[in-house]
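Working notes, structure below.
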């Protein structure tokens, strides 16, 4: 039985905060209120039991404070006390209660005839005992109240557990329960769906065997240390998914206790964070690529300017010839244009993310737009030694933002030069089911089937960044632009045999 000093110390400590669930390990608290110590000692002797935690209050105010902070199975309350009597004490205790009314038994040396019993029942008492107390009468009464209290607690616990399981089964997060030894004892539906097993199967397999071998030791150590200290934990690791692939998860566990304050195990919530991890990896890769891509033209431009500076420093007799200066200017312009394109792509991604990618729509003859873009690429195709064949004679009209459409076509032609293996590229315009179709076809390295959809995502490319330059944003931006025109962009390809990218835009009424 917990000592009175221990209880008083815990009361002082917890007066202004929530009670620690482990503060009172006893099953039943009984409050005894009397201003005479011998009376409290007598009650203590009658009710002494390892199942009861007997709490002494020596005034009505002290009893009210105990009742405010803790829950009791029954309160034994003396009627005649200084400051405030038992009736006022009972009234104030009742005012503190919300859903549960603690049984109050009045104990007094005054006989029933003077109306004290009636006053006691009026303020909420359930019984009235006159001193001297008969242990054979008091003890069964208190045992009855204690058993009623425990029964209510058991029912509440079952109802609480049922509500928990109902909520846990409906929760999208993976929820698990472990016993006092740290062994898994229950998984919710989301958890079992992740593993692709029944509850019995997963309990037989266990948790540790599903953790990635490279993460298993760290994960197990974190759990063991938390279990030994009875403290919450959080760790992220890769967990085996039903697909056979490992996915990153964030696992959070916290110890839980029963109503008696006894440690029962751990309750955990596990969240799939694979997409977040991929986003971080993509961001890091993008930053690495972006820094390289931005540095390349800057380095080249800086080199050209340094060469020009050295020539000028040699004096008037060594002024570079016009052809030399023109070559430097051409190279510088190309590097600046490359920088502008990279910066524009990053700005467009930002605008897409914030919904601020604006469009200035107008009706346009699609073949004319295609030919104008092709004309602007003549020098690039010539420098790359690639033949560009154009089949854009059909007069079709679409409603579009010309600048954005030119941006899409420029991206497709740039990719055809990069990945076309220096073989001829075909640019054509056609019609299909109410759509104008602009196709860019190359005969280059092609795209593996598993990458055909991925290449339209941010920072994604079909080849390694070390193979071909670029941020991996062009097709992502192009798809967003085409979708904003109520069109679609599609690709067909076979690795090693080239690719065909098609942009489909709704024909206008004039077409």
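One chain, two ends: residue 84 and residue 214. Fully extended at 0.36 nm per residue, the span grows by 40.0 nm beyond their Cα-Cα distance.
Applying 1/(1 + (r/R0)^6) with R0 = 22 Å to the Cβ-Cβ distance of residue 51 and residue 163, what FRET efficiency is obtained, to the nearest 0.05? It comes to 0.20.
Placing dummy labels 7 Å off each Cα toward the beta-carbon, the span from residue 225 to residue 278 is 3.2 nm.
Using R0 = 25 Å, the C-beta based FRET efficiency linking residue 362 and residue 384 works out to 0.20. Between the C-alpha center of the stretch 415-429 and that of the stretch 262-281 there is a gap of 47 Å. Peptides 152-162, 323-333 ranked from most to least packed, by the mean per-residue count of other Cβ atoms within 10 Å: 323-333, 152-162. Pairs of C-alpha atoms in the stretch 362-506 farther apart than 20 Å represent 43 percent of all such pairs.
Its Cα gyration tensor gives the stretch 141-265 an equivalent ellipsoid; the semi-axes, largest first and in whole Å, are 33, 18, 11. Taking every C-alpha pair closer than 8 Å and separated by at least 6 residues, the mean separation divided by the residue count of the stretch 362-506 gives a relative contact order of 24 percent. For residue 189 and residue 321, the difference between the fully extended length at 0.36 nm per residue and the C-alpha to C-alpha distance is 39.8 nm. Ranked by the mean number of other Cβ atoms within 10 Å of their residues, highest first, the peptides 66-78, 387-399 come out as 66-78, 387-399. Per the Debye formula with a single identical scatterer at each Cα and no solvent contribution, what log10 I(q)/I(0) holds for the stretch 384-464 at q = 0.11, 0.17 Å⁻¹? Here log10 of I(q) over I(0) equals -0.35, -0.83. Once the chain from residue 311 to residue 262 is taken as fully extended at 0.36 nm per residue, the excess over their C-alpha distance is 9.1 nm. Using a simple spin-label model with pseudo-atoms 7 Å out from Cα toward Cβ, residue 500 and residue 137 lie 10.3 nm apart.
Just so you know, all these numbers are worked out from the coordinates, no wet-lab data involved. Treat the numbers as computed from the prediction; the structure is a model and nothing was measured. Positions of Cβ are backbone-derived with ideal geometry, glycine not excepted, and every protein chain shown enters the neighbour counts.
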